[in-house]
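Colleague: Below are the structure tokens for one structure; questions will follow.
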Amino acid sequence: MKTLVFLEHHEGAVQKGALGVLAKAASVGDAHGVVIGSGVRDVVAAAGTTVWVADDARLEAPLPQPRVDVIAKLVRDEGYDTVLFAQSVLAADVAAGLAVRLGAGLNWGLVDFDGTKGSAPQLQDTVVVDVGWTSPVRIGVFRAGSLDATALSGSTELRDATVELEEFSTLAEMVEQAHAEQQGPSIEDADVIVAGGRGLGEPANFALCEELAKALGGAVAATRAVVDAGWYPYAAQVGQTGKTVAPKLYVAVGISGAIQHKVGMQGSGVIVAINKDANAPIFEFADLGVVGDLHAIVPKLTELVRARRGS
Amino acid sequence: MKIAVCVKAVPDAAGGRRIDPATKRLDRSGELTLSEFDAYAVEEALMLGEGGEVVVVSMGPERALDALRKALAMGADRAVLVAGDELAGSDLLGTAAALAGVLERESPDLVLFGQQSADGGGACLWAAVAEHLQRPAISQVSELTVSGDSLTGKRQTEFGYDTIRAPLPAVVAVSDAINTPRYPSLKGIMGAKKKPQETATADAIAPGTEVLALNPPPSRGESVKLEDDGSAAEKIVEFLAEKRLV
């Protein structure tokens, strides 16, 4: 098996999820990486394996179609039989375009891979499907947050990838990128997350989540509904169109637990939910569900945690 | 402007979605309904395409036409369904090829998708279709404007907002933040049955993936649910202490 892993990068660093996929791939066979962008050589300087570098000004914007061109050429020229991705908006689009280009089967939502078959929870995690491939080239997309990013200990060898772009791949152009600013600890790296939803009632009540997160030494996350409503920054959004997180503890405050949110946090170690609606779907997958008034419970909880941790 | 909207008829969530252990495929024997995210794409097409034509394109069993009728009731002009028993086991490769075949014949200026299917897809079919059509694709678009022979889409990613421009024809997947889909009017519902509804065929493409086994999910352990009687905060701390989380 010869695997190529798409190393998605942002602001000079490879995404943790992609490093997790690289580590998984390396544990079951030969695994190389590919980094695609402009001025990206330093991003993978310590990858611990062979990494193809496609460095070209035309690749600066994180658009999927030129990336399909680069990876398809590498697969054909270098004989990779497996291409793996960590889920993201960009990675999913690259993987699907690549699947058609190479006539390769695409399995998504993977949480594990043993070199032959993958494991993918489906239908809101009610069933775990063992999936395989029947095509010569296999493509897999891993669910974000599903793998630990262990560093590879091999020597890093950077090789230049030839960049030849299809005409149609360069038709879409990035006009503007507005990056959301991040406040406080990053939710991807935090062991504890306190997340707030519409049940908070108003934006100012996010202070309740912030205080509890501070007491627990964690970060604050938000649902799409409150981010769309402008209550909290996009960088904190967990769910289908936000981030997928898997902290040791996830405290959901005033969150109903709609599927769009659930897919972003169901990999968490322990889930505690506080919601006044006893029928909220979040109670179906919370380890501890409390039906009650968050405005009464959360401040008291924060006090008790502070007292216990001396924080 | 001619707009094609790719939609999917999915098993009604109310009936519970399940995988048939015999075929290892999603059980589609129950009632089918238009995937809820598709309504946003249909709405966007109706707003953008005023005065033009809106064609709904889908692949599925013949019964799926009933579900597509919701899009016609909203205001789409006609529906094309790629159907056939040999297509039943299609994965991404077969589905993308079948839809692309219809789209090549229809030759629309714009192809729209919803942000995902409601029955658990990979949220990437548009990219596969765009590869077939060799046209630009933009996903997760929450604001879409068409001007002349190009479009501009604003979208959310993990890192913020991108604004992307592409010439027509193009493929765009819209997010559910883009609009509020209209409810079909009684007149629309009555008129939907009379609108052209065509079935088409496509060559089956061998899937590149297979389902090997179905397993129960790992247990999350015991779930506890309690009503706050004034001591909820204490009980949460006890629970966290037991798990060594505080």
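Colleague: Taking B:Lys243 as the anchor, which aspartates and glutamates have their alpha carbon closer than 18 Å to its alpha carbon, excluding any fewer than eight residues away along the same chain?
Modeller: Counting by Cα, and skipping residues close in sequence, B:Lys243 has these aspartates and glutamates nearby: A:Asp191, A:Asp287, B:Glu222, B:Glu234.
Colleague: Using only the Cα atoms, work out Rg/Rh for region B:1-131, with Rh taken as the Kirkwood radius, to two decimals. List each step's numbers first, then the result.
Modeller: Working: Rg = 14.0 Å, Rh = 14.8 Å.
Here the Rg-to-Rh quotient is 0.95.
Colleague: Same structure, new question: Can you work out D for region A:141-224 in µm² s⁻¹ from Stokes-Einstein, where Rh is the Kirkwood radius over C-alpha pairs, the temperature is 37 °C and the viscosity is 0.692 mPa s? Before the final figure, lay out the partial values.
Modeller: Details: Rh = 17.6 Å.
Reported coefficient: 187 µm²/s.
Colleague: Greater than 19 Å separation of Cα atoms is the criterion. Which listed pairs, A:Lys214/B:Lys225; A:Lys117/B:Lys8; A:Lys16/A:Lys243; A:Lys24/A:Lys73; A:Lys214/A:Lys300, meet it?
Modeller: Details: A:Lys214/B:Lys225 25 Å; A:Lys117/B:Lys8 28 Å; A:Lys16/A:Lys243 12 Å; A:Lys24/A:Lys73 24 Å; A:Lys214/A:Lys300 14 Å.
Violating the 19 Å limit, Cα to Cα: A:Lys214/B:Lys225; A:Lys117/B:Lys8; A:Lys24/A:Lys73.
Colleague: Right, another one. What ratio of Cα Rg to 2.2 N^0.38 Å holds for region A:89-211?
Modeller: Relative to the 2.2 N^0.38 Å estimate, region A:89-211 comes out at 1.47.
Colleague: To one decimal place, what orientation-averaged projected area in nm² is obtained for the convex hull of the Cα set of region A:2-170?
Modeller: Projected over every direction and averaged, the Cα hull of region A:2-170 covers 9.0 nm².
Colleague: Sticking with this structure for a sec: Using helices alone, what [θ] at 222 nm do you get for chain B, with -39,500 (n - 2.57) per DSSP H run of 4 or more residues, divided over all residues and rounded to the nearest 500?
Modeller: Estimated from H runs of four or more residues: -8000 deg cm²/dmol.
Colleague: Can you give the average number of partner chain beta-carbon atoms within 10 Å of each beta-carbon in peptide B:62-75, as a whole number?
Modeller: Mean partner shielding for this stretch: 0.
Colleague: Rg (Å, one decimal) plus Dmax (Å, integer) for the alpha carbons of region A:158-311?
Modeller: For region A:158-311, the Cα radius of gyration and maximum Cα-Cα distance read 18.3, 63 Å.
Colleague: Relative to the longest principal axis of the C-alpha atoms of chain A, give the angle of the C-alpha long axis of helix A:89-102, reported between 0 and 90° and rounded to the nearest 10°.
Modeller: 30 degrees
Colleague: Note down the Stokes-Einstein diffusion coefficient of the protein assembly as shown in µm²/s, whole number, using a Kirkwood radius over alpha carbon pairs, 37 °C, and 0.692 mPa s.
Modeller: The calculation lands on 135 µm²/s.
Colleague: Calculate how many DSSP beta bridges within the protein assembly as shown are antiparallel, expressed in % of all such bridges and rounded to the nearest 5.
Modeller: Here the share of antiparallel DSSP bridges comes out near 35 percent.
Colleague: Show that you can apply the helix-only estimate: for chain A, add -39,500 (n - 2.57) for every DSSP H stretch of four or more residues, divide by all residues, and state [θ] at 222 nm to the nearest 500.
Modeller: Roughly -8000 deg cm²/dmol at 222 nm, from the helical runs in chain A.
Colleague: Angle, helix A:294-309 long axis vs. longest principal axis of chain A, Cα atoms, 0 to 90°, nearest 10?
Modeller: Between the helix axis and the principal axis of chain A, the angle is about 80 degrees.
Colleague: Still on this structure, please answer the following. Please average, across the residues of A:82-93, the number of beta carbons from any other chain that are within 10 Å of each residue's own beta carbon, and give a whole number.
Modeller: What the average comes to for A:82-93 is 4.
Colleague: Taking the 0 to 90 degree range and rounding to the nearest ten, how far is the long axis of helix A:16-28 tilted relative to the main principal axis of chain A, both from C-alpha atoms?
Modeller: 60 degrees
Colleague: To continue, here is another question. Report the dimensions of chain B along its three principal axes from the alpha-carbon atoms, largest first, rounded to Å.
Modeller: 63, 43, 40
Colleague: Of the candidates A:Val127, A:Val238, A:Val53, which one comes out as most mobile in a Gaussian network treatment of chain A with C-alpha springs shorter than 10 Å?
Modeller: The residue with the greatest mean-square fluctuation here is A:Val127.
Colleague: Oh, and also: If you look at just the Cα atoms of chain A, how large are its Rg and its Dmax in Å?
Modeller: My reading of the Cα-based Rg and Dmax gives 20.9, 63 Å.
Colleague: Still on this model: Considering region B:155-246, what Rg and Dmax in Å follow from its alpha-carbon atoms?
Modeller: Expressed in Å, the Cα Rg and Dmax of region B:155-246 come to 26.0, 64.
Read the figures in this text as sums done on the coordinates, not as results from a lab. Keep in mind it's a predicted model, so treat the numbers as computed, not measured. Glycine also receives a Cβ, built like all others from the backbone with ideal geometry; neighbour counts cover every protein chain displayed.
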